[in-house]
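J.: If you scroll down you'll find the structure; I have some questions about it.
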Amino acid sequence: MSKNFDPRTTVLLIFISAVASLRVAFNFSYDISPLANFSPLGGMAIFGGAYFNRKWKAFAFPLLMLFISDLILHQTVFKKYGNGYLYNGWYWVYGSFALMTIVGMRVLKKITINRFILSALACVFIHWIITDLGVWIGSKIYAQNFNGFVTCLQKAIPYEWRFLAGTLAYGVILFGLFEWINRKYPALQIAE
């Protein structure tokens, strides 16, 4: 086996790519799904933050998969909501995604069920505040004051419940499957 081949990184990339592919497949409809925001984004972010030993990989690979899946979805299904190659306010989502990755790095240094649940809750809070700040700023729908921001946050609660469900579901799949494979194949336990 080549010195440069890192099976751990390869498996992590496969996992994140597979989940990003599911994101595309499950959203490939012209109707907004009742499961809108049942998304793997939170799970992908904390998974990358928890398992990649090199910080640049923890950010770069999950962000790249987010970008590719966004590009596919917003050049096909959601093109009418687009602004160029991506949707309006994409930078708020990507910023929150980067913060979620930091949560994975910090909270999941040691992976336990309680820490996983805590990181999932932190992800939802980050997503809720950051992305809705992006919705609220300059909005013609919500008053540009504290009460308008609170109203914006209240309207987002159903979506954030689905985001939490998606983060937990995809996170359980990612973490559970990787931990199982990690125990079965010791080569994956080698640090990057």
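Please treat every number below as a calculation from the coordinates, not as lab data. These numbers were taken from a predicted model, which means no experiment stands behind them. Note that each Cβ is placed from the backbone with ideal geometry, even for glycine, and that neighbours are counted across all protein chains shown.
J.: Starting from 0.36 nm per residue, how many nanometres of slack lie between Lys184 and Phe26 once their C-alpha separation is accounted for?
T.: Length gained between Lys184 and Phe26: 53.9 nm.
J.: Okay, moving on. Ser139 label point, 7 Å along Cα→Cβ, cut-off 20 Å on backbone N: hits in region 89-120?
T.: Residues 89-97 fall inside that zone.
J.: How charged is the neighbourhood of Gln154? Take every other residue with its Cβ under 15 Å from the Cβ of Gln154, and add Lys/Arg as +1 and Asp/Glu as -1.
T.: Net charge around Gln154: -1.
J.: Let me ask another. Region 41-99 to region 153-183: how many Å between their Cα centroids?
T.: With region 41-99 and region 153-183 each reduced to a Cα centre, they are spaced 15 Å.
J.: Here is a follow-up. Using a Gaussian network model of the chain with C-alpha springs under 10 Å, which one of Leu108, Leu22, Leu66 is most mobile by mean-square fluctuation?
T.: Leu22
J.: Quick one: in region 53-147, what % of C-alpha pairs are over 17 Å apart?
T.: The share of Cα pairs beyond 17 Å in region 53-147 comes to 61 percent.
J.: Count neighbours as other Cβ atoms within 10 Å of each site's Cβ, and list the trypsin sites (Lys or Arg not before Pro) in region 39-136 that are DSSP loop with at most 14 such neighbours.
T.: Sparse-neighbourhood loop trypsin sites (Lys or Arg not before Pro): Arg54, Lys109, Lys110.
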